[in-house]
Amino acid sequence: MPHAHPRPATGPAAQVDAWLSDFEHALTTRDVERAAELFGDVSYWRDLIAFTWNITTVEGRDGVRDLLRATLEVTGPHGFAASEEPTEADGTTTALIEFETAVGRGRGVVRLRDGRAFTLLTTLYELTGHEEPMSERRPRGAEHGVRPGRQTWLEQRTAEFSELGRTRQPYVLVVGGGQGGIALAARLRQLDVPTVVVDRNPRPGDTWRNRYKSLCLHDPVWIDHLPYLDFPANWPVFSPKDKIADWLEMYVRVMEINYWGSTTCRRAGYDPTTGAWEVVVERDGEELTLRPQHLVLATGMSGRPNIPDVPGRDRFRGDQHHSSEHPGPDAYRGRKAVIIGSNNSAHDIAAALWEAGADVTMVQRSSTLVVRSETLMELAHGRLYSERALAAGITTHKADTLVASMPFRTLPDVQKPIWDAIRERDAGFYARLERAGFLLDFGEDETGLGLKYLRRGSGYYIDVGASELIADGRVRLARGGVRELTEDSVVLTDGTALPADVVVHATGYGSMTGWAAELISQQVADTVGKVWGHGSGTTNDPGPWEGEQRNMWKPTRQEGLWFQGGNLAQARYYSLCLALQLKARQVGIPTPVYRLPEVHHRS
């Protein structure tokens, strides 16, 4: 049967208006076939909880049909309109859109090619009747007039902080007080969802304070804002670790987050008969039992430090630690340091040790993607996250939306030309590294850092100086696996012995599922399956294709268990998706989940 063609329209705005009108008419008349015909032969619809109460992408007209048949009656979508003037480039018309559903308000992006949708993003950003108290809905703060027995803001906050977890239970317990946990807690606070964040460190920001002293954010400031509260205009482009730690501590206070420091989770279990968790925590030496209905693991997407069980680790006489516990370089002046690994932390630590006067050798076990920070900012980030982007009217929210609107299947075609340009621009830089023996890659399909991050969360270094030390030999480079440690050396698989006074295992982290196994049970960890990656079939991201980050920010196979993580940009953007899912459940809004993913990998 021949495809029905969308009605002809001229000009980007007219094309978008015509498509949205046709799409809305098809949805309101429940004409699934007509709606599917508005999508191209190759097309993608990415939905962030607006239709599916899930984070999922469907492909092609068959995918659109399946999604709509399962969700349309409940969703009740309407009111589709462009929210700003559409643009056209290279045969593609792009428009930011807005719409409503039976329970809330949504935004998104549509890209049209030849009058049909190539990509569609739909996101829910607000629940009707449960809007955040912002702008014209902001709280009064002061209650004017005379009322005996009134409580001040401080008295109310003090009472709330002392009651939660004792005389009344939090609806949500967030384990992990890094940027992911507090971003989610800030969202839940605005949605009036009782929440407690627990962290074993005493103060917010300690996860940054406790790292090696040269650590800083490698992403520029425009990418790193937290929800509601942007960094000031004089904030440095790259945040030093202690500065970002102080910002996180301040953020917890001004966003009124119920944050329990010096608190360790001992164990947790879910009771399906009550629909609640029982979580035992130790806080300042006191054991407490919390009974939240939802448990969020915000322990960092990388999970527990990974230290390979190398023979001889117990007989090495020098200092030895994982990069996450590196105390800094000062104690190692004049000493021989061997760093096992060649990603971000390995390079940062190598540079700091060299600056402090240590004799440094880096052991590269496999190829590493390297990109100069300045080049990355200009060619990869600058269009959306920069002063240039802001001057062009691209706010952080708009940039986030445009990034989210690119389905994962399309990213290789988008990213490869960028990385081809990076390689061409910095060809001399890469040639010097290769002459020094450094083994480079640009992803298994040469699609660069962003996809390597989404697939495996490792395997790259954003160069802020250490590559120059390697290229000119000031930091020595050894290649190969580690066979064993002796009393005073690291021995590679080819028999090379590297004398060492200190060994730093910059060997990465395990999956977040490891935290679930430790805190809850291995059975629950197996039920949930692998966290992170999307089934690309590349190293550490086995297939089959899943098309979204596994188990992140969305329902899992374990009732009431959620994962929140990622970089600052992801913590900012996807915390709203997760917060709205939790709020809907709190107030009894039906949340039928479309296409809960199968579990293909246990860890």
Are there any strands (runs of 3 or more DSSP E) wholly within the stretch 471-541 with 1 or more residues that are in contact with a Gly (Cβ under 8 Å, 6 or more places away or on another chain) and modelled with pLDDT of 95 or more, and if so which? 476-479, 482-485, 489-492, 502-505
Which of (1) modelled with pLDDT of 95 or more; (2) more than 24 Å from residue 447 (Cβ to Cβ); (3) over 21 Å from the mean Cα position of the chain (by Cα); (4) surrounded by fewer than 23 Cβ atoms within 10 Å (Cβ to Cβ) is the odd one out, the single condition residue 560 does not satisfy? (3)
Of these, 190, 293, which one is of a type in the set (S, T, N, Q), out of contact with any strand residue (DSSP E or B) (no Cβ under 6 Å at 6 or more places or on another chain) and either surrounded by fewer than 15 Cβ atoms within 10 Å (Cβ to Cβ) or over 30 Å from residue 356 (Cβ atoms) (or both)? 190
Out of the residues in the stretch 112-125 that are under 30 Å from the mean Cα position of the chain (by Cα) and open to solvent by less than 30 Å² (accessible area, probe 1.4 Å), which is farthest from residue 17 (Cα to Cα)? 124
Looking only at the stretch 236-260, count how many residues are of a type outside the set (Ser, Thr, Tyr) and under 22 Å from residue 212 (Cβ atoms). 13
Can we say residue 487 is in contact (Cβ under 8 Å) with a residue 40 or more places away in the chain, among the acidic types (Asp, Glu) and surrounded by fewer than 19 Cβ atoms within 10 Å (Cβ to Cβ)? yes
Quick check on this structure: which one of 346, 331 is more than 20 Å from residue 515 (Cβ to Cβ), among the aliphatic types (A, V, I, L, M) and within 23 Å of the chain's Cα centre (by Cα)? 346
Open to solvent by less than 20 Å² (accessible area, probe 1.4 Å), assigned to a helix (DSSP H, G or I), at pLDDT 95 or above and at negative phi: is that true of residue 452 in this structure? yes
Given the structure, is residue 202 farther than 24 Å from residue 458 by Cβ, surrounded by fewer than 20 Cβ atoms within 10 Å (Cβ to Cβ) and not polar (S, T, N, Q)? yes
Within the stretch 518-550, residues being over 21 Å from the mean Cα position of the chain (by Cα) and open to solvent by less than 40 Å² (accessible area, probe 1.4 Å) number 4
Close pairs from the stretch 548-563: first among the aliphatic types (A, V, I, L, M), partner crowded, with 24+ Cβ neighbours inside 10 Å and in a loop (DSSP other than H, G, I, E, B), Cβ under 8 Å, at least 6 apart: 552/531; 552/532; 552/564; 552/565; 552/566
Complete set of residues in the stretch 384-428 that are polar (S, T, N, Q) and either assigned to a helix (DSSP H, G or I) or without any contact (Cβ under 8 Å) to a residue 60 or more places away in the chain (or both): 395, 396, 401, 410, 415
Given the conditions (1) modelled with pLDDT under 90; (2) open to solvent by less than 80 Å² (accessible area, probe 1.4 Å); (3) assigned to a helix (DSSP H, G or I); (4) of a type in the set (A, V, I, L, M), report the number of the one that residue 142 does not fulfil. (3)
In the list 330, 348, which residue meets the criterion of being open to solvent by 10 Å² or more (accessible area, probe 1.4 Å), touching a helix residue (DSSP H, G or I) at 6+ places or on another chain (Cβ under 8 Å) and either over 15 Å from residue 482 (Cα atoms) or modelled with pLDDT of 90 or more (or both)? 348
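Any idea which of 157, 147 is open to solvent by 60 Å² or more (accessible area, probe 1.4 Å) and either in a loop (DSSP other than H, G, I, E, B) or more than 30 Å from residue 35 (Cβ to Cβ) (or both)?
Being open to solvent by 60 Å² or more (accessible area, probe 1.4 Å) and either in a loop (DSSP other than H, G, I, E, B) or more than 30 Å from residue 35 (Cβ to Cβ) (or both) holds for just one of 157, 147, which is 147.
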Please return the ranges of strands (runs of 3 or more DSSP E) entirely within the stretch 230-297 where 3 or more residues are among the hydroxyl-bearing types (Ser, Thr, Tyr). 263-271
List pairs: first residue in the stretch 20-41 and closer than 10 Å to residue 116 by Cα, second residue part of a loop (DSSP other than H, G, I, E, B) and open to solvent by 70 Å² or more (accessible area, probe 1.4 Å) anywhere in the structure, Cβ distance under 7 angstrom, at least six positions apart or on different chains. 37/3
Return the only residue of 481, 473, 437, 495 being small (Gly, Ala, Ser), open to solvent by less than 50 Å² (accessible area, probe 1.4 Å) and without any contact (Cβ under 8 Å) to a residue 24 or more places away in the chain. 495
Among the residues of the stretch 222-229, is there at least one that is open to solvent by 30 Å² or more (accessible area, probe 1.4 Å), part of a loop (DSSP other than H, G, I, E, B), within 21 Å of residue 396 (Cα to Cα) and modelled with pLDDT of 95 or more? yes
Would you confirm whether any residue within the stretch 406-421 is of a type in the set (Gly, Ala, Ser), open to solvent by 10 Å² or more (accessible area, probe 1.4 Å), more than 20 Å from the chain's Cα centre (by Cα) and modelled with pLDDT of 95 or more? yes
Among (1) surrounded by 19 or more Cβ atoms within 10 Å (Cβ to Cβ); (2) within 23 Å of residue 401 (Cα to Cα) - the single one residue 59 does not satisfy: (1)
Subset of the stretch 223-236 [of a type in the set (A, V, I, L, M, F, W, C) and farther than 18 Å from residue 372 by Cα]: 226, 229, 231, 233, 235
When the residues of the stretch 569-589 are narrowed to those that are aliphatic (A, V, I, L, M) and either open to solvent by less than 10 Å² (accessible area, probe 1.4 Å) or within 22 Å of residue 519 (Cα to Cα) (or both), which ends up farthest from the chain's Cα centre (by Cα)? 584
Can you name every residue in the stretch 33-49 that is within 29 Å of the chain's Cα centre (by Cα) and open to solvent by 10 Å² or more (accessible area, probe 1.4 Å)? 42, 44
Within the stretch 359-391, count every residue that is open to solvent by less than 10 Å² (accessible area, probe 1.4 Å) and within 25 Å of residue 494 (Cα to Cα). 6
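The values are calculated or read from the model by the stated rules, or taken from the named source; none is laboratory data. Quantities reported herein were computed from a predicted structural model and do not represent experimental measurements. All Cβ positions, even for glycine, are placed from backbone atoms using ideal geometry, and neighbour counts span all protein chains on display. Calculation scope for accessible area: heavy atoms of the full protein, side chains included, ligands and nucleic acids excluded. Shrake-Rupley method; radii C 1.70, N 1.55, O 1.52, S 1.80 Å.
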